[in-house]
1. Which of the residues that make up segment 254-271 are assigned to a loop (DSSP other than H, G, I, E, B), out of contact with any strand residue (DSSP E or B) (no Cβ under 6 Å at 6 or more places or on another chain) and surrounded by fewer than 21 Cβ atoms within 10 Å (Cβ to Cβ)?
2. Could you tell me which of the residues 116, 140, 157 is over 15 Å from residue 219 (Cα atoms), modelled with pLDDT of 85 or more and surrounded by fewer than 19 Cβ atoms within 10 Å (Cβ to Cβ)?
3. Mind counting the residues in segment 83-99 that are assigned to a loop (DSSP other than H, G, I, E, B) and at pLDDT 95 or above?
4. Is at least one residue of segment 185-197 in a loop (DSSP other than H, G, I, E, B), within 21 Å of the chain's Cα centre (by Cα) and either modelled with pLDDT of 95 or more or surrounded by fewer than 20 Cβ atoms within 10 Å (Cβ to Cβ) (or both)?
5. Listed residues 57, 68; which is out of contact with any helix residue (DSSP H, G or I) (no Cβ under 7 Å at 6 or more places or on another chain), of a type in the set (A, V, I, L, M, F, W, C) and touching a residue at least 60 places away in the same chain (Cβ under 8 Å)?
6. Could you list, in sequence order, all residues of segment 25-47 that are touching a residue at least 60 places away in the same chain (Cβ under 8 Å) and either under 26 Å from residue 214 (Cβ atoms) or buried (at least 21 other Cβ atoms within 10 Å of the Cβ) (or both)?
7. Filter segment 272-293 for residues that are within 17 Å of residue 219 (Cβ to Cβ) and either surrounded by 16 or more Cβ atoms within 10 Å (Cβ to Cβ) or without any contact (Cβ under 8 Å) to a residue 40 or more places away in the chain (or both) and give the result.
8. Which condition from (1) in a strand (DSSP E or B); (2) out of contact with any Phe, Trp or Tyr (no Cβ under 8 Å at 6 or more places or on another chain); (3) not aliphatic (A, V, I, L, M) is the one that residue 59 breaks?
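The values are calculated or read from the model by the stated rules, or taken from the named source; none is laboratory data. Not measured: the values here are computed from a predicted model. Cβ: placed from backbone, ideal geometry, glycine included. Neighbour counts: every protein chain shown.
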Amino acid sequence: MMAAPADIRIDGELRRNESMSRHTSWRAGGPADWFYVPSSIEDLQHFLSELDDAEPVFWHGVGSNLLVRDGGIRGVVISAGKILRNLERTDSHAVTAGAGLPCTQLARQCVRWGLGPAEFFAGIPGTVGGALAMNAGAHGGETWERVASVRTIDREGRLHERLPADYEIGYRSVTGPANEWFLEAHLHFDPAGSSDAETMNAMLERRKATQPLGLPSCGSVFRNPPADHAARLIEAAGLKGFMLGGAEVSQKHANFIINREDATATDIENLIEHVQRTVREVHAVELVHEVRIVGERVT
């Protein structure tokens, strides 16, 4: 017999009406009905196997590329990042990395190990799981170029080993088996390539100099259109520094929207839509946001 979240015996934490503003890099968003932090993969498997099939499930990483609307998320938010931070070198040019591992940490350790070109991961503001989910990239590298296989968990708590052929991979998009979430990735690096700390540190310094890293944001909001850059189009449309409510188009990098003055999720989404409309009118280009927008609007 399937159970409601509160009726399942778990070793982890289960919280009611948890504000998602505490769990997104924008520091905005409404409450989740339930917020579950598993203590282990086994705990997670048990929870999913017992959970009522009718209960919606939303998988949460660190919230670095996520906007939760002010009405919040119905069902259960699962935040398994704390138990998925493993990193193991499996041969001279391969590693296994947990989905909760920060990409910057992955890059630093791979450089220390002297693996092939891995430093581009330092330019991805999030975790391995988030990078897998959207084929994140930076400095000319993309996540799925390095993926040999992934391990996933499904809605019933069963584990799977998947190959890249099981997914449709595109620019900042990944489509695969429904109702499965990434637990870890087996990554392989080109033996003919090289990486070094100096190159990685230069990337990090460039990121620090060109992006508003000290302020609440989600990183790049929009995908780059073919043969152009979203930031250039937004700046050329005169939108740098433009504000709606407490949300502002960054004056440092136009493809960042920052929470300047206690912005609501509605402020941020309205500004995203305003930027899209303006760029469409000025440049006849349709910007597509790469940030994930979820939850219910406030009516």
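1. Residues satisfying the conditions are 261, 262, 264.
2. Numbers: 116 fails: modelled with pLDDT of 85 or more; 140 fails: modelled with pLDDT of 85 or more.
The unique qualifying residue is 157.
3. First, pick out the residues of segment 83-99 that are assigned to a loop (DSSP other than H, G, I, E, B): 84-86, 92-93, 99.
Filter once more, so that each one left must be at pLDDT 95 or above: 84-86, 99.
Number satisfying all stated conditions: 4.
4. First, the residues of segment 185-197 that are in a loop (DSSP other than H, G, I, E, B): 189-196.
Retained after the next criterion (residues that are within 21 Å of the chain's Cα centre (by Cα)): none.
So far as segment 185-197 goes, no, none of its residues is in a loop (DSSP other than H, G, I, E, B), within 21 Å of the chain's Cα centre (by Cα) and either modelled with pLDDT of 95 or more or surrounded by fewer than 20 Cβ atoms within 10 Å (Cβ to Cβ) (or both).
5. Numbers: 68 fails: out of contact with any helix residue (DSSP H, G or I) (no Cβ under 7 Å at 6 or more places or on another chain).
Checking each option against the conditions leaves just 57.
6. Residues of segment 25-47 touching a residue at least 60 places away in the same chain (Cβ under 8 Å): 25-30, 41, 44-47.
Within segment 25-47, 25, 26, 27, 28, 29, 30, 44, 47 qualify.
7. As a first pass, look at segment 272-293 and keep what is within 17 Å of residue 219 (Cβ to Cβ): 272, 275, 287-293.
Matches in segment 272-293: 272, 275, 287, 289, 290, 291.
8. (2) is the only condition that residue 59 fails.
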